[in-house]
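These notes concern the structure reproduced below.
The values are calculated or read from the model by the stated rules, or taken from the named source; none is laboratory data. All figures in this text were calculated on a predicted structure; none of them were measured in a lab. All Cβ positions, even for glycine, are placed from backbone atoms using ideal geometry, and neighbour counts span all protein chains on display.
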Amino acid sequence: MSVIGNTALSFSEEQAMLLDVAREFCRKKSPIAAVRAQLETGSGYDPALWDEMVALGWTGIALPESCGGSGMGMATVVPVVEAMGRAMLGTPLISTTLAAQLLLRAGGEGPMESVLADIAAGATATVALLENADWGESRITCTLDAGGVLQGSKKFVADATAASLFVVVIEHHGAPALAIVRAGQLSGDAISPHTLIDQTRRSASVNFGGVAVAEGDLITGGAVVTALRDLYLLGALLTAAEATGSAASCLDTIVDYLKTRKQFGKLIGSYQALKHPTVDILTAVDSGRSFIYHAATLLGEGPLDRDAEIACRMAKAHATETLLYAGDRAVQFHGGMGFTYECDAQLYIRRAQWSQQQYGDAQHHRKRLASLLLD
Amino acid sequence: MSISKQEAKDFRDQVSAWMKENKPADPGFLLPQTFMEVGDERQLEFLREWQHKVWSAGYLGMAWPEEYGGGGMERGYQAIADQEMRRHAVPICFNVIGLGWAGPLIIDMGTEREKARYLKGILSAEDIWCQGFSEPDHGSDLGNAQTRAVRDGDEYVLNGQKIWTTMGNFARYMILLARTNPDAARKYDGLSYFLAPMNVPGIETRPIRKITGEYGFTETFFTDARIPADCLMGEEGQGWKIAMQTLQYERGAEAGAAGGLMMVRVTIDDMIEELRDVARDGEPVLKDPVMRDQLVKMIMEEKSIALGDRRARVPALTSDYPHSLMLSHKLRTTEMTRRMRQFAINLQGAAGGLYVGDPEARQGGFWQRAYFNSFSATIGGGTSQVQANIVAEHILGLPK
């Protein structure tokens, strides 16, 4: 079997339409000035804008119709997230989407109906996953005590301050399980926000100690393991889609500058030392888009298969390295201006460091791809 | 007319059986991967015999007219035969300039006399064809060709020089672009196109020794060489138009090629399979974590190109820069190939230092030679640096 193997790539009219709508929406509603206006706010996004996204149905794209979603699947979330990445639009859409997928896949459509319906209707949610900085760590120390009370805390919880609902990954009777926690159940000092390199983002440490979990809010069983594995892959893919969008607009920023800035009497874009790396960014962005839509094509409905896993990992390994390179060159090519906070290059170079470290960096995924492809 | 599923299957089985039966044994020397690598008589005769055999069996020129040596069949049959040749990894059909470019050109634009005279010899490999387009001082600037052709009675007199003539020393005919009118208002209008014989006094070829140490190209010198006037294709002044038509075949943009395997495709799969038994630190090299990381990068690069070809056909996903995948294709593929082949040498340990001719060289030095030859694609047809300029200027709109 060829390691190149599957090159499926399809894009439905629904996806194409949503891509157009999302790009237009983001272009209008999230110009760079609006992005900058949120850099130092508490939540990092404009609630009125979130309401508009909810009204467009974006929180329910991948949720079943029985839960108030539109049942179009994760493949249709990809173009929306790519468009948001292009506009550097934060918001808790990725965290909310991933939390909903984890609940749906681990808990099932029926039992999760009401909580998923809340999410489709705009309730923000997030997954409390990591306990340290290692994306390859599989041990879980967060647990339920005999009285059904949570013990332990989580780190790097995305959009924790905005979330109305947490899906906490715990260990229960020697196996992974999920506990649903409402924001109102947390003590006043439970959330300690991190200071992030990417100021369009928010995350925090969250202490879940002392929160009592009702029986109906505990999800256990074999499906949790599969759902968690898929969560890591879907998280990688959405991060890749967003990073690919950001790399594309970073490229636009570079090209605009290269076409207008003059030095030594010439437009700097005429110098091959700048021109050729810019072409490298273009071809890398091109490959990134191919990878993310290939992965989207392979997602399907149920648990991810081997080809989908390969595709998600490739998308992530490629996309965030592309953004790292694009952001790095954007700063350099802007010269002295690029060294300033005022220059938009900083947004991209910061986003790049952040994205690389979400859901495993490029080396993390290549290591796993090696096992999938070479052994 | 179309081929039914059953007909296609029966035909595929038939070709497959023939290829299995007739695939030549390893000749004990390295065979060319492309027609640009035919360096000596031994390779030439081997490939000539193979092509003749494929044609005699009816698997070459299947869609060319029957009266000129072709099969007069549906094009679809040739496509099936080509797929089977690739699958059975048989040698190439090496007379590519005839099979792929000159032949289709003659079929589409040639006179009855030209068809009768040239086509069969192209298929049977009796007549090797070469191309006289590039000149030493005008590598990429074809319209500026300076080789002169002066009408003298019923002959043209040729003077000048061509370079990078593939198989120039073996060829019987050349498709030649020469200047008949140096005073034309537009430089393009002064060019004419010839189907020129190579075996006349005054045409001299000098083989160029490549970085591989082998031959494959020549310089071709014309010194008062006289060719019959009826070698002119079309009319004087139509040379540019016919040359552009030729390039359409060369780029595969127009159908008409006689078929046959034109080049041996080497994929990263081939490299991985070949290197499975190489050791590093006493373990298989494919277990080495650093090499694994590198290999995955290479696999991803090759996969990204295959995926890009797919995405290029999805308009909704190419709206930003509609032509970028197409225009950057040569740049991406040739650079990927070059890096991959070099890496294959890296993986070999001390054996990476061996070369073609050493009995212990892996696969006879295949990867070493393939790496060197890969530069013909990163340099020929516009260097990667020129390609990058083209992409920057035409796709991104950067200033010249």
**Complete:** Residue set A:235, A:188, A:216; condition out of contact with any Leu (no Cβ under 7 Å at 6 or more places or on another chain), within 27 Å of residue A:61 (Cβ to Cβ) and not basic (Lys, Arg); output residue A:216
**Prompt:** All but one of (1) surrounded by fewer than 23 Cβ atoms within 10 Å (Cβ to Cβ); (2) over 16 Å from the mean Cα position of the chain (by Cα); (3) under 29 Å from residue A:302 (Cα atoms) hold for residue A:38; which doesn't?
**Reply:** (3)
**Pick from region B:59-83, criterion of a type in the set (D, E, K, R) and at pLDDT below 95, ranking: nearest to residue B:23 (Cα to Cα)** = B:82
**Fill in**
Just one listed residue, out of A:90, A:110, is modelled with pLDDT under 95 and within 12 Å of the chain's Cα centre (by Cα), and it is A:90
**Prompt:** Is one or more of the residues making up region B:389-400 away from chain A (no Cβ under 12 Å), charged (D, E, K, R), surrounded by fewer than 17 Cβ atoms within 10 Å (Cβ to Cβ) and assigned to a loop (DSSP other than H, G, I, E, B)?
**Reply:** no
**Message:** Just the residues that are at the interface with chain A (Cβ under 9 Å from one of its Cβ atoms) and either β-branched (Val, Ile, Thr) or in contact with an Asp or Glu (Cβ under 6 Å, 6 or more places away or on another chain) (or both), please, taken from region B:280-307.
**Reply:** B:296, B:299, B:305
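Here's the yes/no breakdown for (1) touching a Gly at 6+ places or on another chain (Cβ under 6 Å); (2) not in a strand (DSSP E or B):
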residue: B:195; (1), (2): no, no
residue: B:201; (1), (2): no, yes
residue: B:207; (1), (2): no, no
residue: B:213; (1), (2): no, yes
residue: B:223; (1), (2): yes, no
residue: B:227; (1), (2): no, no
residue: B:230; (1), (2): no, yes
residue: B:237; (1), (2): no, yes
residue: B:244; (1), (2): no, yes
**Request:** Report the residue count in region A:175-204 for those that are within 18 Å of the chain's Cα centre (by Cα) and touching a residue at least 40 places away in the same chain (Cβ under 8 Å).
**Result:** 9
**Asked** Considering B:288, B:277, which residue is modelled with pLDDT of 85 or more and surrounded by fewer than 17 Cβ atoms within 10 Å (Cβ to Cβ)?
**Response** B:277
**Prompt:** Does residue A:134 count as modelled with pLDDT of 95 or more and within 24 Å of residue A:76 (Cβ to Cβ)?
**Reply:** no
**Asked** If you go through region A:9-43 one residue at a time, how many are facing chain B (nearest Cβ under 8 Å), outside any helix (DSSP H, G or I) and not hydroxyl-bearing (Ser, Thr, Tyr)?
**Response** 2
**Asked** Counting only residues that are polar (S, T, N, Q) and more than 9 Å from every other protein chain (Cβ to nearest Cβ), which one in region B:320-343 is nearest to residue B:376 (Cα to Cα)?
**Response** B:334
**Message:** Here is a list: A:319, A:311. Which entry is closer than 20 Å to residue A:279 by Cβ, within 14 Å of another protein chain (Cβ to nearest Cβ) and aliphatic (A, V, I, L, M)?
**Reply:** A:319
**Message:** Which of the numbered conditions does residue A:105 fail, given that it passes all the others? Conditions: (1) closer than 15 Å to residue A:178 by Cβ; (2) buried (at least 24 other Cβ atoms within 10 Å of the Cβ); (3) of a type in the set (D, E, K, R).
**Reply:** (2)
**Prompt:** Hey, does region A:58-67 have a residue that's modelled with pLDDT of 95 or more, over 26 Å from residue A:286 (Cα atoms), outside any helix (DSSP H, G or I) and not assigned by TED's automatic domain parsing to the domain that holds residue A:294?
**Reply:** yes
**Complete:** Among strands (runs of 3 or more DSSP E) entirely within region A:160-209, at least 2 residues that are of a type in the set (A, V, I, L, M) and not assigned by TED's automatic domain parsing to the domain that holds residue A:345 occur in A:165-172, A:175-182, A:203-207
**Message:** From the list A:243, A:227, A:223, exactly one residue is away from chain B (no Cβ under 14 Å) and more than 24 Å from residue A:169 (Cα to Cα). Which is it?
**Reply:** A:243
**Asked** Taking region B:237-267 as the region of interest, how many residues are among the charged types (D, E, K, R) and free of Cβ contacts under 8 Å to residues at least 60 places away in the same chain?
**Response** 2
**Fill in**
Log entry, pairs with first residue in region A:134-147 being over 18 Å from residue A:167 (Cβ atoms) and acidic (Asp, Glu), second being outside any loop (DSSP other than H, G, I, E, B) and modelled with pLDDT of 95 or more, beta carbons closer than 8 Å, six or more apart or on different chains, reads A:145/A:151
**Prompt:** Which one of the conditions (1) closer than 28 Å to residue A:369 by Cβ; (2) of a type outside the set (Val, Ile, Thr); (3) in contact with a Ser or Thr (Cβ under 6 Å, 6 or more places away or on another chain) does residue B:346 fail to meet, given that it meets all the rest?
**Reply:** (3)
**Message:** Tell me the residue from A:301, A:342 that is out of contact with any helix residue (DSSP H, G or I) (no Cβ under 7 Å at 6 or more places or on another chain), at pLDDT 95 or above and surrounded by fewer than 19 Cβ atoms within 10 Å (Cβ to Cβ), please.
**Reply:** A:342
**Message:** Cβ-Cβ distance below 6 Å, separation of 6 or more or different chains: which pairs start in region A:349-375 with a residue that is within 14 Å of another protein chain (Cβ to nearest Cβ) and on the phi > 0 side of the Ramachandran plot and end on one that is modelled with pLDDT of 95 or more and surrounded by fewer than 19 Cβ atoms within 10 Å (Cβ to Cβ)?
**Reply:** A:360/A:135
**Fill in**
Sole miss for residue A:278 among (1) within 9 Å of chain B (Cβ to nearest Cβ); (2) over 12 Å from residue B:396 (Cβ atoms) is condition (2)
**Item:** Residue that is farthest from the chain's Cα centre (by Cα), among those in region A:165-174 that are farther than 10 Å from residue A:228 by Cβ and not small (Gly, Ala, Ser)
**Value:** A:173
**Request:** Identify the single condition in (1) under 27 Å from the mean Cα position of the chain (by Cα); (2) facing another protein chain (nearest Cβ under 9 Å) that residue B:274 does not satisfy, given that it satisfies every other one.
**Result:** (2)
**Prompt:** Before we move on, is residue A:283 of a type in the set (S, T, N, Q) and either surrounded by 16 or more Cβ atoms within 10 Å (Cβ to Cβ) or at the interface with chain B (Cβ under 9 Å from one of its Cβ atoms) (or both)?
**Reply:** yes
**Message:** It is to be established whether one or more residues within region B:376-383 are in a helix (DSSP H, G or I) and either within 11 Å of another protein chain (Cβ to nearest Cβ) or not polar (S, T, N, Q) (or both).
**Reply:** yes
**Prompt:** Does region A:20-45 hold any residues that are closer than 15 Å to residue A:124 by Cα and either of a type in the set (S, T, N, Q) or free of Cβ contacts under 8 Å to residues at least 40 places away in the same chain (or both), and which are they?
**Reply:** A:43
**Message:** For the list (1) in contact with a Phe, Trp or Tyr (Cβ under 8 Å, 6 or more places away or on another chain); (2) modelled with pLDDT of 95 or more; (3) within 19 Å of residue B:251 (Cβ to Cβ); (4) not charged (D, E, K, R), I need the number of the one condition that residue B:100 fails.
**Reply:** (2)
